[in-house]
Amino acid sequence: MQEQTKIKPSYAGICKFCRGEFEKAKMSQHLKNCKERARMEAETAKSSKGKKFVQTKLFHIVLEGKYNPQYWMHIEMPTDAQLIELDDFIRAVWVECCDHLSAFQIGEFYYESEPPSFDFSNIEILNPDEAASMEVNGTTSEESEDDEEDLEDSEDEEDYDKFDLEEEFEPFLLETIPDDIVAKLRPIHSRDDASKYLREELKVKIAAPKDKDRESIMQYFQLRERQRTVKFLIEMIEDHSLYAELGEVLSVGQKFSYTYDFGSSTNLNLRIVSERDGLMNPKDSVRLLARNLAPEFKCSVCDAPATLIFGGAWGDGNTYCKKHAKKFEGEGLLLPIVNSPRVGECGYDGPGSKYGHEFDI
Ligand SMILES: [Zn+2]
Ligand SMILES: [Zn+2]
Ligand SMILES: [Zn+2]
């Protein structure tokens with residue numbers, strides 16, 4: 001894949017179904033109307049393979065490099081898939097080099113494999129089993145164990161939703177929460193409902209003080225403080241690990257972002273384009289719909305198509321053909337040019353084999 005030499009507009013991409021080439025901005029619309037996609041889906045539904053598929057709610061998600069949006073992808077995922085499955089996919093196809101940390105940012109909150117270090121609430125809420133399962137790191141390849149884990153999860157789900165204000169928070173913490181919030185939370189006994197109420201509180205807009213008198217300004221800062229408390233409470237009672245389900249934390253139209261590696265970071269912007277009912281192989285959690293064509297790089301010496309990039313120095317002037325890369329040989333800094341927003345970063349040298357079958361376009 002990395003040695004494409006054809007000259008193509010860099011923002012164009014290919015539809016996985018009809019293999020037509022479309023501009024980036026037109027791809028969502030095309031995928032909605034692609035006749036070949038509809039035909040293939042109808043065919044799958046009738047086939048023996050398709051009989052094993054399940055009807056499920058699916059999110060259409062578009063991903064792109066935040067600082068290099070010429071790299072983009074359209075995928076589909078069940079709404080009950082977990083963020084860790086999206087993380088796993090992004091790592092496999094676009095970013096994984098040496099198992100760096102990663103996180104999603106959704107609204108004001110981070111969802112990450114490691115809980116924030118200050119967040120002692122996790123120790124209070126989780127029983128030892130759950131706490132152990134939080135320690136699993138970002139990459140999971142133990143597919144075979146998934147089924148068993150799922151069974152355990154569903155048994156725990158009801159328990160997990162149980163909410164009791166006094167059990168959740170230490171008395172000293174309760175004293176710092178505004179009385180009206182405590183009064184609203186006390187009769188709530190579902191974690192979901194508590195989170196819904198707090199998310200509504202968080203939506204309250206705080207206008208800048210109209211008057212410059214002391215009272216208006218005091219009031220403004222009190223409201224700000226109240227919002228901070230609400231945010232803190234949400235972080236304490238919600239699951240902000242990568243085990244959160246997509247459908248629980250995202251909705252149609254919503255934008256969010258992803259960071260892989262907090263040193264030499266690769267940042268992605270993502271958006272939920274739409275939701276539909278469709279068929280999905282229960283063994284898969286991601287289906288590729290379309291992706292960009294590999295942008296072309298030229299050798300900075302001879303103008304021939306470049307296949308190698310000087311690591312850590314992304315951009316013009318750092319790409320070489322095989323011949324002119326020779327002078328850097330043995331320096332260990334030359335990386336293959338691959339179709340990924342992480343090209344040239346850290347030791348990134350291309351996708352893993354896990355989703356290889358999705359990428360023969
Ligand atoms: Zn198409
Ligand atoms: Zn690395
Ligand atoms: Zn050259």
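From the list 192, 119, 180, which one is outside the structural domain of residue 90 (by TED's automatic domain parsing), at pLDDT 85 or above and surrounded by 12 or more Cβ atoms within 10 Å (Cβ to Cβ)?
On the way: 119 fails: at pLDDT 85 or above; 180 fails: surrounded by 12 or more Cβ atoms within 10 Å (Cβ to Cβ).
One residue alone meets the criteria, 192.
So how many residues does the stretch 282-299 have that are under 14 Å from residue 77 (Cα atoms) and either assigned to a loop (DSSP other than H, G, I, E, B) or in contact with a Ser or Thr (Cβ under 7 Å, 6 or more places away or on another chain) (or both)?
5
Counting the residues of the stretch 13-40 that are exposed (fewer than 15 other Cβ atoms within 10 Å of the Cβ) and assigned to a helix (DSSP H, G or I) gives 10.
Just need a number here: residues in the stretch 293-306 that are closer than 24 Å to residue 24 by Cβ and in contact with a Lys or Arg (Cβ under 9 Å, 6 or more places away or on another chain). The number of residues fulfilling the criteria is 6. In the set (1) part of a loop (DSSP other than H, G, I, E, B); (2) outside the structural domain of residue 106 (by TED's automatic domain parsing); (3) of a type outside the set (A, V, I, L, M, F, W, C), residue 327 fails one condition alone, (1). The condition of being within 18 Å of residue 85 (Cα to Cα), away from ligand 2 (no atom under 16 Å from the Cβ) and either among the small types (Gly, Ala, Ser) or surrounded by 15 or more Cβ atoms within 10 Å (Cβ to Cβ) (or both) holds for only one of 286, 273, that being 286. Could you say whether any residue in the stretch 250-272 is closer than 20 Å to residue 160 by Cα and of a type in the set (Ser, Thr, Tyr)? No, the stretch 250-272 has no match at all.
Do the conditions hold for residue 212, that is, is it part of a helix (DSSP H, G or I), in the same structural domain as residue 174 (by TED's automatic domain parsing) and among the basic types (Lys, Arg)? Full working, then the answer.
Working: part of a helix (DSSP H, G or I): no; in the same structural domain as residue 174 (by TED's automatic domain parsing): yes; among the basic types (Lys, Arg): yes.
Criteria not met by residue 212.
Give me the residue from the stretch 76-93 that is part of a helix (DSSP H, G or I) and in contact with a strand residue (DSSP E or B) (Cβ under 8 Å, 6 or more places away or on another chain) and, out of that set, surrounded by the most Cβ atoms within 10 Å (Cβ to Cβ). So the residue we want is 83. Note on the stretch 328-348: residues that are acidic (Asp, Glu), without any contact (Cβ under 8 Å) to a residue 60 or more places away in the chain and away from ligand 3 (no atom under 16 Å from the Cβ) amount to 1. Cβ separations smaller than 8 Å between residues 6+ apart or across chains give the following pairs from the stretch 281-298 residues that are without any contact (Cβ under 8 Å) to a residue 24 or more places away in the chain to residues that are within 16 Å of ligand 3 (Cβ to nearest atom): 298/304; 298/305; 298/306; 298/319. Answer yes if at least one residue in the stretch 62-75 is modelled with pLDDT under 95, more than 16 Å from ligand 2 (Cβ to nearest atom) and part of a helix (DSSP H, G or I), and no otherwise. Looking for residues that are modelled with pLDDT under 95, more than 16 Å from ligand 2 (Cβ to nearest atom) and part of a helix (DSSP H, G or I), one finds none in the stretch 62-75, hence no.
Pairing residues of the stretch 36-57 that are of a type in the set (Gly, Ala, Ser) with residues that are part of a strand (DSSP E or B), at Cβ distances under 8 Å and at least 6 apart in sequence or on separate chains, gives 45/279; 50/279.
Is it the case that residue 309 is within 16 Å of ligand 2 (Cβ to nearest atom) and either buried (at least 17 other Cβ atoms within 10 Å of the Cβ) or in a loop (DSSP other than H, G, I, E, B) (or both)? In short, yes.
The values are calculated or read from the model by the stated rules, or taken from the named source; none is laboratory data. Only a predicted model underlies this, so the values are computations on that prediction, with no experimental measurement involved. Reconstructed Cβ throughout: ideal geometry from the backbone, glycine too, with neighbour counts over all protein chains shown.
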